[in-house]
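Report on the following structure.
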Amino acid sequence: FILGLSDEIIVNSVEFKKIIKKRFNLNAVTIFNPLNKDEILRLSKKKINFNYFNNNKFLKIINFGRLTDQKNHILLLKGLLLLKKKINFKLLIAGDGPEKDTIKDFINNNDLGDNVKLMNYLKNPYPYLKMSDILILTSNYEGLPNVLLEAQTLKKTIISSDCPSGPKEILKNGKYGYLFKTGNCKDLSKKIYLASKNKKLNKKIVEYGYQNLFRYESKKNLDKYYLLISKY
């Protein structure tokens, strides 16, 4: 009802636009989240004291965001648990939320304390992201996940759930990163294993993703907002 009263509906992904049309039979305008690459690169250069990622003998994985059901951190831990005897890895989960105790319990109950580090919300996560090898997103749903754009800006390998909406668009159906079936820890573990063994391929897909970030460039998308609003 409220959507129907509006003059314009703005969504941040093409898939989201299709969902609005299918579910409510309303037309929407897609304007991507404005991405400030220069700011991300500047903040990533801040020096931090973080010894957890200093050793290059293991795969450095990062996940940051709210600790909620939506983000499905337990799936991430289950996927890595399947790989515990196959690859050496360290995972950093940074964030706060109602699922924190559940995540802590899973880590303790499955003897993952040496492999997983929990940190509170990071005001500037970019130096940590810069030190990592892989960013993993396990969400059940999104709009247009900024964290994937931020990882592409810092040229990191991305593994993401193929959830509605956004990841498929950002990663061009898997051309710019690895997509796994949403909610499927076995498929996730398979993609993590592939990424850990294919550094040459990773470098290629990361570069493809970086070169195509122009779609989300800040001025380009802010201009779209201005042009839309100026009609009124």
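The values are calculated or read from the model by the stated rules, or taken from the named source; none is laboratory data. Remember, predicted model here, so these are calculated numbers, not experimental data. Glycine gets a Cβ as well: all are built from the backbone with ideal geometry, and neighbour counts include every protein chain shown. Ligands, DNA and RNA are stripped out before the accessible areas are found, and what is left, the full protein with its side chains, is counted by its heavy atoms. Shrake-Rupley method; radii C 1.70, N 1.55, O 1.52, S 1.80 Å.
For the chain, what is the accessible area per residue in Å², given a 1.4 Å probe and the full set of protein chains?
Per-residue value: 56 Å².
Chymotrypsin sites (Phe, Trp or Tyr not before Pro) within segment 110-212: which are DSSP loop residues with at most 16 other Cβ atoms inside 10 Å?
Counting only loop positions with at most 16 other Cβ atoms within 10 Å, the chymotrypsin sites (Phe, Trp or Tyr not before Pro) in segment 110-212 are Tyr121, Tyr141.
Which of the DSSP-defined H helices in the chain satisfy a minimum axial length of 27 Å, computed from C-alpha atoms, and a minimum mean Kyte-Doolittle hydropathy of 0.0?
none
How many percent of the accessible area of the chain is carbon or sulfur, using a 1.4 Å probe?
Details: 6540 of 12910 Å².
Carbon plus sulfur share of accessible area: 51 percent.
Run the helix sum for the chain: -39,500 (n - 2.57) per DSSP H stretch of 4+ residues, divided by residue count, reported at 222 nm to the nearest 500 deg cm²/dmol.
The helix-only estimate for the chain comes to -12000 deg cm²/dmol at 222 nm.
Are there trypsin sites (Lys or Arg not before Pro) in segment 129-232 that DSSP marks as loop and that have at most 15 other Cβ atoms within 10 Å, and which are they?
When the trypsin sites (Lys or Arg not before Pro) of segment 129-232 are filtered for loop state and at most 15 Cβ neighbours within 10 Å, Lys155, Lys175, Lys181, Lys231 remain.
Find how many whole Å separate the alpha carbon centroid of segment 53-104 from the alpha carbon centroid of segment 108-164.
8 Å
Search the structure for amide H atoms under 5 Å from the amide H of Phe89, placed 1.01 Å from N in the peptide plane, and list their residues when 5 or more places away or on another chain.
Residues meeting the criterion, in which the H sits 1.01 Å from N, are Leu59.
Loop-only trypsin sites (Lys or Arg not before Pro) in segment 1-63, please: DSSP not H, G, I, E or B, and at most 15 other Cβ atoms within 10 Å.
Lys45, Lys46, Lys47, Lys57
Got the relative contact order for segment 105-232 handy, in percent, Cα pairs under 8 Å and 6 or more residues apart?
19 percent
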